[in-house]
1. What is the projected area of the convex hull of the Cα atoms of the range 193-336, averaged over all directions, in nm²?
2. Can you order the peptides 156-163, 236-243, 210-217 by their average number of other Cβ atoms within 10 Å per residue, highest first?
3. Peptides 191-197, 296-302: what's the order by average Cβ count within 10 Å, highest mean first?
4. Give me a comma-separated list of calculated 3J(HN,Hα) values for the range 321-333, in order, Karplus coefficients 6.51, -1.76, 1.60 applied at θ = phi - 60°, integers in Hz, x for any Gly or Pro.
5. Hey, quick one: spin label on Y416, modelled 7 Å out along Cα-Cβ, who in the range 213-232 has an amide N within reach, i.e. under 18 Å?
6. Please report the spacing between the Cα centers of the range 171-197 and the range 227-295 in Å, no decimals.
7. If you stretched the chain out fully between S214 and V328, how much longer would it get, using 0.36 nm times the residue separation minus the C-alpha to C-alpha distance?
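What follows is calculated from the coordinates using simple rules that are stated; it is not laboratory data. This structure is a prediction, so every number in the text was calculated from the model and none was measured. Virtual Cβ from ideal backbone geometry, glycine too; neighbours counted across all protein chains shown.
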Amino acid sequence: MNKTLLIALAMTALACAAYTKPFNDADNKKVRAKIEQAQTDANALSAQARQVTTKIGELAISGKLPTDTAAVEEMKSLVASLEEINTRLATLEDSIADLKAWAKGKDMSDKKVATALGDVDKIHFSNYLQFQYRDDNRAGKQQHSFEARRVRLGMSMDINDKAVAKVSFDAATGGDREGTQLKDLMLMYKPGTAGLTITAGQFALPLGYEFEMSNSVLEMPEKCLYNRTTFNDERVRGVMFMQSQPDGTSFYGGVSNALSTQDAEQANLAPGTGGQLAGFGGLRYAKKDVHLGVGYFAGKRPQFTGNGGTSPEVDRNFLYAEARFENVLTQGLYVHGELMDGHDRVPSSTGAPGNTAHDMSGYHVVLGYHLDPDNEVFTRYTLFDKNKDTAGDAVKEYAFGYRHFLGAGTAFTLAYEVVNDNSVSNSPYGITTARIQFKF
């Protein structure tokens, strides 16, 4: 959250408190005067900062900086202006500190004001909205409509120097995209050991890289089919530790419920169906433009009864490997890849004795190129073999797309997918997605 917004939140907290007892009239006038002055100054500084930032951006893309001395001097001047603005913002923060000192010692209602002022710098928001048009011509699942794909509302708070809490919701779930669903509920604690973090709650599995990567930054509109099928919503409930090393390596391990939160055999049921737990762990390496990792998940898929039938309990285990390379051969060119080898049954809301587990596999490769800071093209190939013992049932996807950044926090994506799935009568079929995203 930027400083101007933090100041506005603090001013709002004080404004609300200024009209409550036991403040007297003189106190109210004093607080209101400080609020009005600070708000005026903050608005003016925010406008100046936007103007300076725009000029810096125009100068950066002009191509003059490497050779034009005047351009270099102009850039120095603009940077100095930004430093001056930051100094003046710091003065505003000092003013807020004065108000906190003034409120100290008052009764409980006044202490709440001081608490709000103290906490405002500890709160961080991560929200985004996705609105799209989707054209899907799958037999029996045709869709030609506008929809709110995601309305993600997230917040984290630094409770103290060792603990952080994070929560997020999606307010566009369900068939009609009007339901609300809990996404993250994490309590993260750093006990003091360098690089060690312990997480408890509902979180994305660290297997592969797609699970943890936000849909707001992924190239394609949706994550790969094999991930959406075996770990729908990619989140589990459990406890996990992660140890990071200075050399870029890290390792993790944890225990969770056996099924992801929106697995077809878990959704709409009490957590921990069948009383089964699973264990997971892995190793990663990240350094500059290279990211590598391997992870493993093992547990049991519980017995499931649905629509008059019962599916048996089966073993489920998955081995994931990931590799991501940035600026390959040339600046802006990247390659991302992920491989899954597992054993499970395809989740189904219909139970049947014959729904047993099989060896399965999946992988995808993404190739993308940043044409410039505002334009990106990409392509993805995905394969999901639901049963390696049966020939001809693998689903293949060929996809490509284009993304244009319309400004800070705003992007437009156009993507087209061709899916070859022999279980669908009109295979191969196509999916076109045009999406606008606002991130704030």
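1. If I average the Cα hull's projected area over directions, I get 10.1 nm².
2. 236-243, 210-217, 156-163
3. 296-302, 191-197
4. Calculated HN-Hα couplings, in order: 9, 9, 8, 9, 10, 9, 6, 7, 6, 8, 4, x, 8 Hz.
5. From the range 213-232, the list is 220-222.
6. Value for the Cα centre distance between the two parts: 13 Å.
7. Values: separation 114, 0.36 × 114 = 41.04 nm, distance 2.29 nm.
The S214-V328 span can extend by a further 38.8 nm.
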